[in-house]
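Structure, as structure tokens:
The values are calculated or read from the model by the stated rules, or taken from the named source; none is laboratory data. This one's a predicted model, so the numbers in the text were calculated from it and none came from an experiment. A quick note on method: Cβ atoms are made from the backbone with ideal geometry, for glycine too, and the neighbour counts reach across all protein chains shown. We work out accessible area using only protein heavy atoms, side chains counted, and drop any ligands, DNA or RNA first. Shrake-Rupley method; radii C 1.70, N 1.55, O 1.52, S 1.80 Å.
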Amino acid sequence: MRPAYPGLSYFRPGQGSPYVTRLGLQLVKKGFGRYYTAGPGPRWSEEDRRNVEAFQRAQGWSGAEADGYPGPETWRRLFA
């Protein structure tokens, strides 16, 4: 079962949340964790943003669609 999208406010620089960890673990599971140096954690980082961006680009998105911040559609596809 896909977890409900918590909202973009959880995925901003310096924000900490279990949602950030969950997102990071899912990115790794889907093969998009190459930018992590110490693994995903609860604090949103540039590593998280770059991994999300890589996932978004793999969806064929570019420009503002591939900004590295997970919106509802990124979340849906990542947890599909």
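Data for the structure
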| item | result |
| --- | --- |
| Total residues in the stretch 68-80, condition without any contact (Cβ under 8 Å) to a residue 24 or more places away in the chain and either open to solvent by 60 Å² or more (accessible area, probe 1.4 Å) or not β-branched (V, I, T) (or both) | 3 |
| Filter result (farther than 17 Å from Q56 by Cα and touching a residue at least 24 places away in the same chain (Cβ under 8 Å)) within the stretch 13-32 | P13, G14, Q15, G16, S17, P18 |
| Selected residue (criterion: surrounded by the most Cβ atoms within 10 Å (Cβ to Cβ)) from residues of the stretch 17-31 that are hydrophobic (A, V, I, L, M, F, W, C) and closer than 21 Å to G7 by Cβ | L23 |
| Subset of the stretch 41-67 that is of a type in the set (D, E, K, R) and under 14 Å from L23 (Cα atoms) - its residue that is surrounded by the most Cβ atoms within 10 Å (Cβ to Cβ) | D48 |
| Output for the stretch 1-48, where each listed residue is over 15 Å from L78 (Cβ atoms) and of a type in the set (A, V, I, L, M) | A38 |
| Residue in the stretch 1-14 that is least open to solvent (accessible area, probe 1.4 Å), counting only those that are at pLDDT 95 or above and in contact with a helix residue (DSSP H, G or I) (Cβ under 8 Å, 6 or more places away or on another chain) | F11 |
